[in-house]
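Every read-out reported here was derived from the displayed coordinates using simple, explicitly stated rules and does not represent laboratory data. Remember, predicted model here, so these are calculated numbers, not experimental data. No Cβ is skipped: glycine too gets one built from the backbone with ideal geometry, and neighbour counts run over all protein chains shown.
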């Protein structure tokens, strides 16, 4: 009976953890606190060729400029980092994202011009 319970537990782990070993893969709703406002976006992280792709679409402030796709995407187990460019009136602003995944949440930060902003997410199922 004990063996069956252990197998059930291990089977549950196999379902919740990505088979690739890269826990940031998948769909997320991510939120950054900018001043007094929360800015949320739907983030999609997928395999692309020999690397990974990160795309995002704003869920709040939808008329605001959208940052481009993720560049220099690095996934290392539960850790991730990537860079996106935001075009503001002809000027390109670089945003560097980094964080750590713990199950169906991640905690991290977005760095813009030397300022670090809390950046957190929940897996979107």
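For 84, 125, what's the fewest-to-most ordering of other Cβ within 10 Å of each Cβ?
125, 84
Between residue 125 and residue 38, what's the calculated FRET efficiency when r is the beta-carbon distance and R0 is 25 Å? Round to 0.05.
The calculated FRET efficiency here is 0.75.
What is the extension gain from residue 46 to residue 94, computed as 0.36 nm multiplied by their sequence separation minus the C-alpha to C-alpha distance, in nm to one decimal?
15.1 nm
So for the pair residue 104, residue 74, with labels modelled 7 Å out along Cα→Cβ, what separation do we get in nm?
In this crude spin-label approximation the distance works out to 3.0 nm.
Got a sec? How would 41, 109, 94, 63 order by Cβ neighbour count within 10 Å, fewest to most?
Going from least to most buried by this count: 63, 94, 109, 41.
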